[in-house]
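Colleague: Next up is a structure, given as structure tokens.
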Amino acid sequence: MIVSTILSAIVQAAPAPQAFDPVEATNAYLATISSVARARSDAYFEGGYWLILWNALVSVGVAWGLLQAGVVSRLSERATAWTKGRKAGRAFIFACLYLALTGVVTLPWSIYVGWLREHQYGMSNQTLPAWLGEWLIGTAIGTILGGLALLGLLTLYRKLTRSWWAWGTLASGFFLLVGLLLGPVFIEPLFNRYTPMPASPLRAQILQMAQANGVPTSNVLVVDASRQTKRISANVAGVGPTVRVALNDNLLNRTSPPEVRAVMGHELGHYVLGHTASLLIGFTLIAGLFLLVLDHATPWLVGRYGSRWHISGRDDPAMLVPATIVASLLAVLLTPVTNSLIRFHETQADYFGINTSRAPDGWARVALRLGEYRKLEPSRLEEIVFFDHPSGRTRILMSMQWKAHHLGEPDLQ
């Protein structure tokens with residue numbers, strides 16, 4: 001009786017546990033990043049805002065310069081001579097010549113954006129010769145595949161005067177689907193080596209998450225991304241028989257098992273939630289909008305400057321070049337739309353990943369690592385316009401809110 005009275009008094013005298021505050025927990029995580037590191041990542045990411053504009057201006061400037069200098073008309077003549085006037089062959093050859101030429105002309109800018117700037121901010125591990133080798137492979141693939149895609153669109157444009165853009169929308173969706181099917185099997189292995197993840201408790205946990213959620217895989221692949229970058233990443237890529245679960249070696253080497261599980265849960269979420277299909281539909285519709293605008297704006301541009309550029313008419317594949325000018329400017333205007341479409345899907349995958357991995361703190365630590373090259377605390381307008389993923393603060397707050405609703409459960413990490 002005396003003992004129970006004493007214990008009761010101790011319990012009553014003990015301070016009540018403080019309620020878990022997600023906002024305070026979020027601020028505590030963000031406070032672990034030094035002001036120097038934050039200023040560096042902010043500068044890198046905010047520089048990307050300007051790159052959206054500069055990339056468009058470079059594309060427009062090169063296209064306009066080649067048109068004004070008569071280079072485009074000479075390419076069209078050369079394609080006509082090589083194919084003896086056959087319209088399909090002429091369109092394909094012209095598209096390939098133009099894509100290859102612009103790739104070479106813009107190479108200095110590509111080196112700055114893709115290699116020099118990455119080194120300036122400590123994100124790249126790649127030498128310039130290695131980067132140039134991959135650029136050459138990527139340009140060759142892009143030229144051939146781009147030539148085929150543009151051949152299809154130019155053929156539709158030539159034969160279907162009024163409805164070409166609608167059929168072109170369907171064709172764009174088909175090209176995107178083919179890319180999703182072939183990319184993981186034939187293209188990505190040209191740039192990186194994919195090897196089976198060695199047997200380990202972590203591998204078993206990733207496979208358990210995958211199989212429990214209906215992802216058809218019995219293997220996890222590791223990609224040697226550290227040859228190129230310091231970034232962490234993973235993906236569930238492919239469609240149908242080409243589905244592949246992969247994570248890069250930086251993720252394994254730089255993060256803890258709970259962080260890896262949180263990332264893999266996120267990536268599995270994209271597959272389980274059907275994001276491949278919904279994004280395919282979304283970007284096909286955006287492509288349709290592009291083609292509809294091109295259908296009205298390109299003839300106007302050619303009508304105004306076509307005689308100076310020596311574009312003979314609808315059958316001339318040189319029509320492609322004024323269309324790239326319109327498309328480049330339209331892409332800048334639609335940046336908030338495309339970013340918001342992707343960010344919506346990424347937010348859904350974030351929730352799925354935290355639920356599946358039950359690692360809210362692991363996900364919060366991942367958000368901080370991603371903050372090495374993404375601004376952690378943008379304004380609301382910045383996040384809407386420029387972010388194709390939720391910001392670091394948004395992700396950490398989301399994970400802490402989830403944690404607040406699951407406190408006391410034994411398997412949180």
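Colleague: Scan the stretch 304-315 and give yes if some residue there is assigned to a helix (DSSP H, G or I), within 28 Å of the chain's Cα centre (by Cα), surrounded by fewer than 19 Cβ atoms within 10 Å (Cβ to Cβ) and without any contact (Cβ under 8 Å) to a residue 60 or more places away in the chain, otherwise no.
Modeller: The answer is no, given that none of the residues of the stretch 304-315 is assigned to a helix (DSSP H, G or I), within 28 Å of the chain's Cα centre (by Cα), surrounded by fewer than 19 Cβ atoms within 10 Å (Cβ to Cβ) and without any contact (Cβ under 8 Å) to a residue 60 or more places away in the chain.
Colleague: Also, I was wondering about something else. I'd like to verify a number: residues in the stretch 318-362 that are β-branched (Val, Ile, Thr) and farther than 30 Å from ARG203 by Cβ, how many?
Modeller: Number of matching residues: 8.
Colleague: Evaluate the following for LEU154: is it over 28 Å from ASP224 (Cα atoms), part of a helix (DSSP H, G or I) and hydrophobic (A, V, I, L, M, F, W, C)?
Modeller: Spelling it out, LEU154 is indeed over 28 Å from ASP224 (Cα atoms), part of a helix (DSSP H, G or I) and hydrophobic (A, V, I, L, M, F, W, C).
Colleague: Filter the stretch 150-163 down to the residues that are touching a residue at least 24 places away in the same chain (Cβ under 8 Å) and among the basic types (Lys, Arg) and list them by number.
Modeller: Listed by number, the list holds a single entry, ARG158.
Colleague: So GLY265 clears everything in (1) of a type in the set (Gly, Ala, Ser); (2) outside any loop (DSSP other than H, G, I, E, B); (3) farther than 30 Å from ASP361 by Cβ except one condition, right? Which one?
Modeller: (3)
Colleague: Now a separate question. Taking the stretch 361-385 as the search range and keeping residues that are in contact with a Pro (Cβ under 9 Å, 6 or more places away or on another chain) and surrounded by fewer than 21 Cβ atoms within 10 Å (Cβ to Cβ), which one is farthest from TYR44 (Cα to Cα)?
Modeller: Only one residue fits best here, namely ASP361.
Yes/no matrix, rows are residues, columns are (1) without any contact (Cβ under 8 Å) to a residue 40 or more places away in the chain; (2) surrounded by fewer than 19 Cβ atoms within 10 Å (Cβ to Cβ):
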residue	(1), (2)
LEU177	no, yes
PRO184	no, no
LEU190	no, yes
THR195	yes, yes
THR217	yes, yes
ILE232	no, no
THR242	no, yes
ASP249	yes, yes
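Colleague: Same structure, new question: Could you list, in sequence order, all residues of the stretch 102-137 that are in a loop (DSSP other than H, G, I, E, B) and not polar (S, T, N, Q)?
Modeller: Listed by number, the residues that qualify are TYR121, GLY122, MET123.
Colleague: Of all residues in the stretch 26-67, which are under 21 Å from MET398 (Cβ atoms), of a type in the set (A, V, I, L, M) and out of contact with any Gly (no Cβ under 7 Å at 6 or more places or on another chain)?
Modeller: Matches in the stretch 26-67: ALA28, LEU30, ALA31.
Colleague: Then there's this: Return yes when LEU160 is modelled with pLDDT under 95, farther than 30 Å from LEU252 by Cβ and surrounded by 19 or more Cβ atoms within 10 Å (Cβ to Cβ) and no when it is not.
Modeller: Criteria not met by LEU160.
Colleague: Further question: Just checking, which of ALA166, ALA171, ALA140 is free of Cβ contacts under 8 Å to residues at least 40 places away in the same chain, surrounded by fewer than 18 Cβ atoms within 10 Å (Cβ to Cβ) and not in a strand (DSSP E or B)?
Modeller: ALA140
The values are calculated or read from the model by the stated rules, or taken from the named source; none is laboratory data. None of the values given here were measured: they were computed from a predicted structure. Glycine also receives a Cβ, built like all others from the backbone with ideal geometry; neighbour counts cover every protein chain displayed.
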